Amino acid sequence: MSFHEIRFPANLSFGSLGGPERRTEIVTLANGFEERNTPWAQARRRYDAGLGLRSLDDVERLIAFFEARQAMLHGFRWKDWADFKSCRASRSVTALDQSLGYGDGARKTFQLTKTYRSGDWETVRTITKPVAGTVLAAIAGTEVGESLAWSVDLATGLITFDSPPAVGAEITVGYEFDVPVRFDTDLIQVSVASFQAGDVPKVPVVEVRQ
């Protein structure tokens with residue numbers, strides 16, 4: 001699946017509307033009780049890029065980006081301003097934000113993840129598009145520098161340590177990240193007169209699995 005490692009203009013995505021979508025299958029039984037199930041292990045994000053357009057220059061930039069991706073053909077990065085860090089929105093990223101597990105003395109590569117918690121429940125999201133220059137890592141609570149101890153693949157979210165972390169040592173990370181997405185339409189319709197009157201085009205964007 002073709003993917004361009006380029007981010008949709010962040011100033012245009014800032015005013016977008018969107019968020020996570022789940023798929024739930026519900027069967028109502030004869031006695032009125034329900035059985036609920038989901039075929040999706042993780043949520044899928046959807047956005048409307050059209051709501052971030054504020055000028056005709058923005059429309060031009062959107063069309064150029066759309067054409068370069070050949071509509072739905074090529075994926076790209078998207079900054080979700082409501083959820084783009086390993087920590088809370090009001091805090092700064094630290095190397096202790098997210099736990100990736102514990103060392104076993106042999107494993108060197110770990111997938112970046114983000115855990116969402118509410119009460120006694122949690123769900124783990126795979127992070128595949130970290131932002132360059134934002135990733136921090138720590139082993140057993142001690143931050144280690146990228147140039148000295150590890151490297152991260154910005155296209156997959158895999159972090160690889162030069163040496164396997166010791167048995168029982170917790171691996172933690174912090175980062176900013178993008179969402180891998182594609183346009184969910186092959187058509188963008190824009191009317192200059194309507195746009196100047198406040199009518200913005202719909203530009204659906206959907207997360208892609210990688």
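Selection of strands (runs of 3 or more DSSP E) fully inside region 76-173 by the criterion of at least 1 residues being aliphatic (A, V, I, L, M) returns 98-102, 121-126, 136-139, 142-144, 150-153, 158-161.
Would you call Leu56 open to solvent by less than 100 Å² (accessible area, probe 1.4 Å), at pLDDT below 95, of a type in the set (A, V, I, L, M, F, W, C) and under 14 Å from Phe183 (Cβ atoms)? Against the criterion (open to solvent by less than 100 Å² (accessible area, probe 1.4 Å), at pLDDT below 95, of a type in the set (A, V, I, L, M, F, W, C) and under 14 Å from Phe183 (Cβ atoms)), Leu56 does not qualify. The set of residues in region 103-125 that are in contact (Cβ under 8 Å) with a residue 24 or more places away in the chain and open to solvent by less than 60 Å² (accessible area, probe 1.4 Å) comprises Gly103, Gly105, Thr109, Phe110, Gln111, Leu112, Lys114, Thr123, Arg125. Determine, yes or no, whether Glu67 is under 18 Å from Pro201 (Cα atoms), modelled with pLDDT of 95 or more, open to solvent by 80 Å² or more (accessible area, probe 1.4 Å) and more than 17 Å from the chain's Cα centre (by Cα). Here the answer is yes, as Glu67 does meet what is asked. Residues in region 21-53 that are surrounded by 12 or more Cβ atoms within 10 Å (Cβ to Cβ) and either among the aliphatic types (A, V, I, L, M) or in a helix (DSSP H, G or I) (or both): Ala43, Ala49, Gly50, Leu51, Gly52, Leu53.
Where residues in region 199-210 are farther than 17 Å from Lys114 by Cβ and open to solvent by 60 Å² or more (accessible area, probe 1.4 Å), which of them is modelled with the lowest pLDDT? The qualifying residue modelled with the lowest pLDDT is Asp199.
Being among the hydroxyl-bearing types (Ser, Thr, Tyr), open to solvent by 30 Å² or more (accessible area, probe 1.4 Å), closer than 20 Å to Asp153 by Cα and at pLDDT 95 or above is a description that applies to Ser99. Annotation note: of Ile188, Ile171, the sole residue that is open to solvent by less than 20 Å² (accessible area, probe 1.4 Å) and touching a residue at least 60 places away in the same chain (Cβ under 8 Å) is Ile171. Consider region 151-168 and keep the residues that are farther than 11 Å from Ile139 by Cα and not β-branched (Val, Ile, Thr). The one that is surrounded by the most Cβ atoms within 10 Å (Cβ to Cβ) is Gly157. Of all the listed residues (Ala64, Ala71, Ala95), the sole one being without any contact (Cβ under 8 Å) to a residue 40 or more places away in the chain and among the aliphatic types (A, V, I, L, M) is Ala64.
The values are calculated or read from the model by the stated rules, or taken from the named source; none is laboratory data. Bear in mind the structure is a predicted one, so any value in this text is a computation, not a measurement. Cβ coordinates were reconstructed from backbone atoms using ideal geometry, including for glycine residues, and neighbour counts include every protein chain displayed. Each accessible area value is taken on the protein alone, full model and side chains, heavy atoms only, with ligands, DNA and RNA left out. Shrake-Rupley method; radii C 1.70, N 1.55, O 1.52, S 1.80 Å.
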